[in-house]
Amino acid sequence: MKFVNFFVLMLLIISCKQTETQPAAEQEATKPVSEKPPIGIVIHGGAGTILKENMTAEQEAAYKEKLEEAVTAGYKVLEEGGESLDAVIAAIQVMEESPLFNAGIGAVFTHEGKNELDASIMNGKDLNAGAVSGISRVKSPIQLARTVMEKSEHVMLSGTGAEAFAQEQGLEMVDPDYFYTERRMESLKRAIEREKVELDHDGQAAFYDPFIKNSKYGTVGCVALDKNGNLAAGTSTGGMTNKRYNRIGDAPIIGAGTYANNVSCAVSSTGWGEYFIRGVVAYDIAAKMEYQKIPLQQASKEVIQDKLTAMGGTGGIIAIDKSGEISMEFNTPGMYRASIDSEGQLNIGIYEK
Ligand code: ASP
């Protein structure tokens, strides 16, 4: 028996020695042949009080179908070797063109019954970024954000100036009515009605809880990782129903609604924008990863479930890191979301996990 043990031990020692002394070239050859670099994409179509009991089977199917179409459009770009920025644009444009979401067509209305759109995009490779706010005449706000990033020396343009720049750059311009939908007009009317009875102690009109807490935000966003390890994030929105005074939310604010850095992750937010700005939500997740060296999912969870919730904010984020790890974190009853991971696995969700 002892002799057998000794024999096994000797065999082990010999085989270890052989691996140690194996020439580098041979060791290379025994590695699994060319592991493909990871690619991945995640989208959201807004968070909020999205409950199964309030949704018909047709509505649910329509959302799922559009989410799949959007995420697939972006993934196709990545699969064909394209850049994460192009994937983000492709996915977001599908949602901007759908009346289901609060971005592009289907954007919510301001108190005065106008559509004022906001968008931003960020490139994780060089930390370049572009953003626009309060625009009403540019067909694709996310495309304008990208044009600001690439064709101007600025990061953020607003209102008529941003529109003049879009026109100069040859972007497709539309009549403001292009964004109009009956459904969003009805939401505005309801919000104004409700506001009449929800005045605060000084008789000021309410643009806050409980109306906002029970609303569906509907902003759209996308984060992507391409085969060169480049991350990108983008967000596009109509803001919040019944907004006034040229209110600007988090969606066009780099670091709050959108952030991407190749050393950590790419993030897009949706929710009650004021809290996302104050909590610098998107950047906070990336900073936690970079400085505290914690994984993406832990960083997102801490920022959304602990910090944002403690502040009283509601909403969620989607994020992807340089290894293709995905996070979809929210503290609302639902968030429209979809992803295709590095294995090519499609995942679509609406309600809580
Ligand atoms: N975050 C957006 C805003 O505050 C709203 C949304 O997510 O739908 O403007």
If we keep only residues of segment 195-227 that are modelled with pLDDT of 95 or more and touching a Lys or Arg at 6+ places or on another chain (Cβ under 8 Å), then the residue farthest from V108 (Cα to Cα) is K227
Within segment 233-267, of all residues that are aliphatic (A, V, I, L, M) and more than 10 Å from the ligand (Cβ to nearest atom), the one nearest to V132 (Cα to Cα) is I254
Filter result for G324 (within 29 Å of G159 (Cβ to Cβ) and either more than 13 Å from the ligand (Cβ to nearest atom) or crowded, with 19+ Cβ neighbours inside 10 Å (or both)): no
When (1) of a type in the set (G, A, S); (2) in contact with an Asp or Glu (Cβ under 6 Å, 6 or more places away or on another chain); (3) more than 17 Å from G48 (Cα to Cα) are applied to A299, the one that fails is (2)
Selection from segment 325-346 of residues among the polar types (S, T, N, Q), free of Cβ contacts under 8 Å to residues at least 60 places away in the same chain and out of contact with any helix residue (DSSP H, G or I) (no Cβ under 9 Å at 6 or more places or on another chain) yields Q345
Subset of segment 48-74, residues assigned to a helix (DSSP H, G or I) and in contact with a strand residue (DSSP E or B) (Cβ under 8 Å, 6 or more places away or on another chain), comes to K52, E60, Y63, K64, K66, L67, E68, A70, V71, T72, G74
Cβ pairs under 6 Å, 6+ apart or interchain, first in segment 221-248 and buried (at least 24 other Cβ atoms within 10 Å of the Cβ), second charged (D, E, K, R) and in a loop (DSSP other than H, G, I, E, B), ordered by first then second residue, are D226/E83
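The values are calculated or read from the model by the stated rules, or taken from the named source; none is laboratory data. Keep in mind the model is a prediction, meaning the values are calculated, not measured. Positions of Cβ are generated from backbone atoms using ideal geometry, with glycine treated the same way; all protein chains shown enter the neighbour counts.
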